[in-house]
Amino acid sequence: MSINEIIERHIISVLVDDEPGVLARVIGLFSGRGYNIESLTVAEVEWSRGLSRISIVTSGTPMVIEQIKAQLSRLVPIHSVCDLTEMGAAIERELALVKIINDGDNRIEALRIADTFRARTLDSTLDSFVFEVTGNSSKVAAFIDLMQSLGDVEIARTGVSAISRGNRIDLTAK
Amino acid sequence: MAKSAPTDRKQAASENGVLALAGAEILLKTLEDEGVEVIFGYPGGAVLPIYDALFKNNKIRHILVRHEQAAVHAAEGYARSTGKVGVVLVTSGPGATNAVTGLTDALMDSVPVVCLTGQVPTHLIGNDAFQEADTTGITRACTKHNYLVKDGDVLQQTVAEAFHVARSGRPGPVLIDLPKDILMGEYDYKTVGVAAVAKQRYVPQTRPDAEAIKAAVAMLKRAERPIIYGGGGIINSGPKASALLQQLVDMTGWPTTLTLMGLGALPASDKHFLGMLGMHGTYEANWAMHDCDIMLNIGARFDDRVTGRISGFSPKSEKIHIDIDPSSVNKNVKVDLSIIGDATTVLEMLIAEMKVQSFAPHEASLTKWWKQIKSWQKINCLGFDQGADVIKPQHAIKRLCEMTQDRDSYVTTEVGQHQMWAAQYFDFEKPNRWMTSGGLGTMGYGLPAALGVQVAHPDALVIDIAGEASFMMNMQELSTLAQYSLPVKMFIINNEWMGMVRQWQELIHGGRYSESYSASLPDFRKLADTFGMVGLVAEKPDDLDGVITEMLATPGPVIADIRVAKEENCFPMIPSGAAHNEMLLGPADQAAKPISEEGMVLV
Ligand SMILES: Cc1ncc(C[n+]2csc(CCOP(=O)(O)OP(=O)(O)O)c2C)c(N)n1
Ligand SMILES: [Mg+2]
C-alpha cells in the first residue's frame with residue numbers, strides 16, 4: 001500500500017460565522033464530494049462576534065485530507081480551519097449519556113465498571129441507571145461496549161470536541 | 001425591520017450619507033454602485049417590486065430573455081467576454097429552479113455571475129407558499145456562495161459582498177434570495193463606507209509566496225523538455241495575464257498548449273502554440289505533455305478531460321501548478337510545487353525573478369525538443385479530406401474562421417462534436433473571444449451566451465457555432481434576439497445526429513444508435529423567417545463560402561443551416577481510460593485499439 005492509500009483519521013476544527021445554512025454548507029461539502037464524517041459537533045463559541053466552532057472527525061488518504069481542508073477554507077463564512085491531528089497532541093473529548101436497564105449481578109457490575117471509567121451516575125431507579133462518561137472516543141466506545149453486554153442500553157453521544165495542547169491559539173477570526 | 005419614513009426623515013438622513021429607500025430601490029442603487037449596466041431577467045410575482053423600480057430606473061438596462069436558464073448563460077457570455085460580473089434577475093420558485101443549470105455551468109467554469117432571485121415574504125417561508133422553493137438550499141451546491149436576505153438592514157451590505165465574492169479569487173456564481181417583504185420595506189441606504197466593509201469577510205490569496213516563485217525559477221532552469229500548460233485561469237485573471245504569458249513564451253521559446261477554457265490566452269498563430277490538449281486535443285500537445293520533463297501549469301485544473309488516465313499522465317515530469325484556488329492543487333494530480341495566486345501577479349513575479357536569476361533556456365536541449373515536437377506535428381492530426389460531395393464539418397468551421405479573420409469576432413458554441421471542431425479549427429488570437437461550456441458541457445449554452453456577448457459588444461461579430469440538437473435546447477431565445485435586434489450569427493453544424501453521442505455509441509456500444517438521431521428537425525430557414533431573421537442553407541461544398549459571405553454581410557441575426565457529413569467522427573481522441581500517448585488519430589486507429597473495460601464506465 002503506497003503512502004497515498006493509507007487511510008488516516010483526522011480531527012479538523014473550523015471557526016465559522018454563526019449564520020443560517022453554514023452547517024448545511026459544511027455537511028453538503030462532505031456529502032457532495034464523498035468525504036467521510038465520523039462525527040461532527042457544533043456550538044457557538046464567541047457570542048459577541050457570532051462565531052461557532054465545528055469539530056469534524058473524518059478519515060481519508062493524505063491527499064483527501066488536504067482536499068477537505070482546502071475545500072473548507074474556501075467557504076465564505078469560514079474564518080479558519082485547523083487540522084488538530086496534524087498539529088500533534090490534541091485533546092479530544094466526547095461525552096456520552098448511557099442508560100442501562102438491568103438487575104442483579106449485572107446491575108452491580110455496571111456500577112463497578114462505571115466507577116473505573118469515572119462515569120457519573122445521573123439517574124437511577126431500581127432497575128436502571130443513566131451514566132455520564134467523558135473521554136476520548138475510544139474510551140467512550142469501550143464503556144458503551146461493556147454496558148451493552150450487561151443489559152438493555154440506550155446511548156446519546158455528543159461527538160468529538162477537540163483543542164490543541166500548549167499556549168497557541170489555533171483558530172482565529174478573520 | 002421595516003421602518004416608516006416620513007419625508008423629513010428622508011431629508012435629514014440624506015445629509016449624513018444615509019437614505020431611506022425601499023428594498024428594491026436599495027438593490028438597484030447597490031447594483032449601480034457595483035457598475036452594473038445590464039441585467040438579464042424574467043419577471044414574476046415575487047420580483048415585481050424590482051421590476052417596478054427598474055421601470056423608473058434609467059441607468060440599468062434589462063434584457064428580457066425567454067427562459068431563466070438562458071438568462072444565466074447570457075450573463076455568462078456577457079461576463080466572459082467583458083471580464084465584468086454578469087447579473088441575472090428571476091422570480092421565486094420556477095424562476096429560481098430554471099436558473100439552476102446556468103448557475104452550475106458558471107460554477108464549473110468559474111464565471112462571475114450574481115443571480116437575484118425573488119422569494120415569498122419572510123413570514124411565509126417554510127409554509128409551501130405559492131411559488132416557494134428552498135432556493136438557497138437547492139443552489140447551495142451550485143453557487144460559490146448564496147444568501148437569503150431576511151433583514152432589510154443588511155441588504156445593501158449583502159449585495160455588495162455578493163459582487164465581491166463573485167469576482168474575487170476564483171470567480172463564480174453567487175445567488176441572493178430576496179423575500180418580497182424585504183423588497184417592499186423601507187431601510188437605510190448608505191452612500192459611503194459599504195464597499196470597504198463588504199470586502200472584509202472574503203479575502204482570497206492573490207499574491208503568491210515569494211519563496212515559491214524562487215523555487216519555481218530554480219525548477220524551470222533545469223528544464224530540457226519543458227511545456228507550458230495554460231487554462232481558463234489566465235483568461236479570468238484579465239487580458240494582462242495573456243500579455244504576460246506571451247512575454248514568458250517569447251522569453252523562453254517554450255512550447256505551449258492551452259485547455260478548452262484557455263483558448264485565446266496565447267494567439268493561435270504564435271509559433272510556440274501546439275493547439276489545445278486533452279481528449280480531443282492535438283497529437284503534438286498531448287505527446288509533449290506526456291514526454292515533458294518540466295510542466296508549468298498556469299490556471300488549469302488537471303481536469304479529467306485533459307489528463308486522461310491519471311496513472312499514465314505525464315509520468316516523467318516535475319510539475320508546477322499556479323492556481324488561485326488552493327483546492328485545485330493536488331486534487332487530481334500530485335504536483336511538485338504549487339504557487340497560490342492570481343495568474344497576473346504570479347506571472348509578473350515569475351518573469352521578474354527569471355530576470356533576476358538571469359534565466360536562459362537550455363538551447364541545445366530545447367532545439368532537440370522542438371525537433372521532436374515538429375515530428376509529431378508532421379502527423380498533421382487535424383488533417384481531413386474535404387472531397388466534392390458533402391461538406392465536412394471541419395471544413396465548414398475552418399472556412400468560417402478564415403473568412404472572419406479581419407473581423408473582431410466572438411465565438412460561442414453548444415456542446416458536442418461541433419464544439420470540439422470549433423476548438424480545433426477556429427483560431428483565437430485574443431482572450432475573451434471564446435465562450436464555451438467546458439466543465440458542465442451544457443447543451444443549449446451557446447445561443448443565450450452569444451446573446452449576452454452581443455449585448456456587451458453590440459458592434460462585434462458574434463457567432464454561435466451550434467449543433468442542431470443543442471440549438472433546439474434554448475432556441476426560444478430567437479425571440480429575444482429579434483426583440484433587441486441582436487445580430488447573432490447562428491452557424492449550425494447540422495449532421496442530423498447528436499453527433500457526439502453517436503460517436504460514443506459507435507466506439508463503445510457496437511454501433512447501436514439508441515435515441516441519438518435528430519428526428520423531426522424544423523426547417524431552420526423557415527424558423528428564421530418566423531422570427532423575422534435571415535435563414536440560409538448550405539447543402540453542398542460549393543454552397544459554403546457563399547452562405548458564409550451572405551451571413552457575414554447580413555446586418556441582423558442569421559441562422560445558417562450547414563448540412564454536413566452525417567457520420568463524421570471527432571479526432572484525434574484519447575478514449576476514456578487511456579493516456580495521452582494512446583490517442584486515436586482516426587477511424588483506422590479506432591478499429592485497432594478497442595476501449596478498455598475500465599474506460600467504458602467513464603464519461
Ligand atoms: C443538457 C445536456 N443534455 C445532454 C447532454 C449529452 N450530450 C453531449 S453531446 C450531445 C449531442 C449534441 O448534439 P448536437 O448538438 O447535434 O452536436 P453534435 O455532437 O452533433 O455536433 C449530447 C446529447 C449534454 N451535454 N447536455
Ligand atoms: Mg448534431
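The values are calculated or read from the model by the stated rules, or taken from the named source; none is laboratory data. As the structure is a computational prediction, the values presented were derived from the model and not from experiment. Cβ coordinates were reconstructed from backbone atoms using ideal geometry, including for glycine residues, and neighbour counts include every protein chain displayed. To get the accessible areas, we keep the full protein, side chains included, count just its heavy atoms, and leave off ligands, DNA and RNA. Shrake-Rupley method; radii C 1.70, N 1.55, O 1.52, S 1.80 Å.
Compared with the dominant principal axis of the Cα atoms in chain B, helix B:239-252 is inclined by about 20°. For region B:157-187, accessible area lost to neighbouring protein chains reaches 20 Å² or more, against the chain alone with a 1.4 Å probe, at no residue.
Calculated accessible area for the protein assembly as shown comes out at 41 Å² per residue, all protein chains present (probe 1.4 Å; ligands, DNA, RNA ignored). Given in Å, the Rg to one decimal and the Dmax to the nearest whole number for the Cα atoms of region B:18-109 are 13.1, 39.
Phi angles of region B:377-392 translate, via the Karplus equation with coefficients 6.51, -1.76, 1.60 and θ = phi - 60°, into HN-Hα couplings of 4, 4, 4, 6, 5, 9, x, 8, 10, 5, x, 9, 8, 10, 6, 7 Hz per residue; Gly and Pro are given as x. The relative contact order of region B:21-178, computed from alpha carbon pairs under 8 Å that lie at least 6 residues apart in sequence, is 24 percent. Grouping the Cα pair distances of region B:330-458 into 5 Å bins from zero gives a pair-distance distribution of 2, 7, 11, 12, 13, 16, 16, 12, 7, 3, 1, 0 percent in increasing distance order.
FRET efficiency for the pair A:I155 and B:K316, taken as 1/(1 + (r/R0)^6) with r the Cβ-Cβ distance and R0 = 51 Å, rounds to 0.40. Remark: region A:135-142, residue by residue, has Karplus-estimated 3J(HN,Hα) of x, 6, 4, 6, 5, 4, 5, 4 Hz, where x stands for each Gly or Pro and the curve is 6.51 cos²θ - 1.76 cosθ + 1.60 at θ = phi - 60°. Charge dipole (Cα centre; +1 on Lys/Arg Cβ, -1 on Asp/Glu Cβ; no other charges) of chain A amounts to roughly 580 debye. The order of the peptides B:25-37, B:341-353, B:490-502 by mean Cβ neighbours within 10 Å, most packed first, is B:490-502, B:341-353, B:25-37.
Dividing the Cα radius of gyration of region B:506-593 by its Kirkwood radius returns 1.13 for Rg/Rh.
How many percent of the alpha carbon pairs in region B:178-311 exceed a separation of 20 Å? That fraction is 57 percent. Counting only protein heavy atoms and a 1.4 Å probe, tell me what percentage of region B:145-207's accessible area is made up of carbon and sulfur. Carbon plus sulfur share of accessible area: 56 percent. The Kirkwood hydrodynamic radius of the protein assembly as shown, based on inverse pair distances between different Cα atoms, is 28.9 Å. Ranking B:P112, B:T554, B:P204 by Cα position along the charge dipole of chain B, where only Lys, Arg, Asp and Glu carry charges on their C-beta atoms, puts B:P204 farthest toward the positive end. Quick query: amide H of B:V38 versus all other amide H atoms, modeled in the peptide plane; which residues come in under 5 Å with a sequence gap of 5 or more or a different chain? Distant-sequence amide H within range of B:V38: B:R61.
Helix A:22-32 against the longest principal axis of chain A: what's the angle in degrees, Cα atoms only, rounded to the nearest 10? It is inclined by approximately 90 degrees. Size descriptor for region B:452-603, Kirkwood hydrodynamic radius: 17.4 Å (Cα pairs only, one decimal).
Within region B:373-480, the trypsin sites (Lys or Arg not before Pro) that combine a DSSP coil assignment with at most 10 other C-beta atoms in a 10 angstrom radius are B:K378.
Computed about the Cα centre, the dipole magnitude for region B:1-159 is approximately 200 debye when only Lys and Arg (+1) and Asp and Glu (-1) carry charge, each at its Cβ. Charged side chains reduced to their Cβ positions (Lys and Arg at +1, Asp and Glu at -1) give region B:145-266 a dipole of some 580 debye around its Cα centre. To the nearest ten degrees, helix B:499-508 and the longest principal axis of the Cα atoms of chain B are 50 degrees apart. Here is how the number arises for the protein assembly as shown: DSSP H runs of 4 or more residues each give -39500 (n - 2.57), the sum is divided by the residue count, and the result at 222 nm is -10500 deg cm²/dmol. Note on B:I508 and B:Q246: with the Förster distance fixed at 51 Å, the Cβ-Cβ geometry gives a FRET efficiency of about 0.80.
When N is the residue count of chain A, what does its C-alpha Rg come to as a fraction of 2.2 N^0.38 Å? That works out to 1.21 for chain A.
Per residue, the convex hull spanned by the alpha carbons of region B:44-183 comes to 99 Å³. Give me the percent of Cα-Cα pairs in region A:62-139 that sit more than 14 Å apart, rounded to a whole number. Above the 14 Å cut-off, region A:62-139 has 71 percent of its Cα pairs.
Evaluate E = 1/(1 + (r/R0)^6) for B:I379 and B:V203, where r is the Cβ-Cβ distance and R0 equals 41 Å; express this FRET efficiency to the nearest 0.05. The value I calculate is 0.30.
Residues of region A:38-66 whose accessible area (probe 1.4 Å, heavy atoms of protein chains only) drops by at least 20 Å² once all protein chains are present, relative to their chain alone: A:M63. Per-residue mean of foreign Cβ neighbours for B:142-151 is 2 (Cβ atoms of other chains, 10 Å radius). Cα extents for chain B along the principal axes, largest to smallest and rounded to whole angstrom: 80, 63, 46. Under the simplified labelling scheme, the B:H362-B:S479 pair shows an inter-label distance of 6.3 nm, with each label point 7 Å from Cα along Cα→Cβ.
For chain B, the relative contact order comes to 13 percent (Cα pairs under 8 Å, sequence separation of at least 6).
Interface A-B: total buried accessible area of about 1400 Å², 1.4 Å probe, protein heavy atoms only. Here the spin labels are modelled as points 7 Å beyond Cα on the Cα-Cβ line, and at A:K174 and B:Q372 they lie 4.5 nm apart.
Surface composition of region B:303-366: carbon and sulfur make up 52 percent of the accessible area, probe 1.4 Å. Projecting the Cα atoms of B:S242, B:M184, B:Y51 onto the dipole axis of the protein assembly as shown, where Lys and Arg carry +1 and Asp and Glu carry -1 at the beta carbon, places B:S242 farthest toward the positive end. Relative to the isolated chain, which residues of region B:310-352 have their accessible area cut by 30 Å² or more in the presence of all protein chains (1.4 Å probe, heavy atoms, no ligands or nucleic acids)? By number: B:S327, B:N330, B:K331, B:K334.
Take every pair of alpha-carbon atoms less than 8 Å apart whose residues are at least six positions apart; their mean separation over the length of region B:367-478 yields a relative contact order of 28 percent. Mean partner shielding of peptide A:71-79, defined as the number of other chain Cβ atoms within 10 Å of each residue Cβ, is 5. Multiplying the residue separation of B:D128 and B:E429 by 0.36 nm and subtracting their alpha-carbon distance yields 103.2 nm.
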